[in-house]
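Student: Got a structure for you, questions after.
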């Protein structure tokens with residue numbers, strides 16, 4: 001994982017790191033640690049906020065830094081049956097995260113449980 005790409009993207013987009021930190025509601029020092037890869041694993045919420053500050057989705061940023069991007073379409077839930085493509089699934093995941101504060105693992109657990117309940121209901 002190379003979070004240094006955040007600095008490159010910010011420079012390309014003409015956005016200061018200070019502004020990204022402010023928009024992401026983290027300290028400049030925290031952002032610097034993430035960029036220098038001195039944070040073991042930044043929180044999904046933080047990465048989502050940084051991504052949005054750069055005009056990206058969380059999935060886009062995850063791919064650029066070398067993470068596998070968790071999306072709702074990767075869960076066992078029947079999201080694709082509802083016609084959601086991965087772009088809309090990622091957008092939906094970001095929205096749910098913003099509303100609930102659930103990290104990717106907790107969100108997947110909720111979605112898996114909801115899928116189970118829907119499956120039971122449809123029997």
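Student: Could you please give the count of residues in the stretch 16-38 that are surrounded by fewer than 20 Cβ atoms within 10 Å (Cβ to Cβ), under 10 Å from residue 3 (Cα atoms) and touching a residue at least 12 places away in the same chain (Cβ under 8 Å)?
Tutor: Total meeting the criteria: 3.
Student: Can you give me the number of residues within the stretch 1-16 that are under 21 Å from residue 42 (Cα atoms) and part of a loop (DSSP other than H, G, I, E, B)?
Tutor: The total comes to 6.
Student: For residue 50, which of the numbered conditions (1) at pLDDT below 90; (2) within 26 Å of residue 111 (Cα to Cα) fails to hold?
Tutor: For residue 50, the failing item is (1).
Student: May I pose another question? Output the residue which, of all residues in the stretch 54-70 that are within 13 Å of residue 3 (Cβ to Cβ) and in a loop (DSSP other than H, G, I, E, B), is modelled with the highest pLDDT.
Tutor: Ranking the candidates gives 54 first.
Student: Quick one: residue 41 ticks every box in (1) outside the structural domain of residue 115 (by TED's automatic domain parsing); (2) at pLDDT below 90; (3) surrounded by 15 or more Cβ atoms within 10 Å (Cβ to Cβ); (4) outside any helix (DSSP H, G or I) bar one, so which box is it?
Tutor: Unmet for residue 41, out of (1) outside the structural domain of residue 115 (by TED's automatic domain parsing); (2) at pLDDT below 90; (3) surrounded by 15 or more Cβ atoms within 10 Å (Cβ to Cβ); (4) outside any helix (DSSP H, G or I): (3).
The values are calculated or read from the model by the stated rules, or taken from the named source; none is laboratory data. These numbers come from a predicted model, not from an experiment. As a convention, Cβ positions derive from the backbone with ideal geometry for all residues, glycine included, and neighbour counts pool all protein chains shown.
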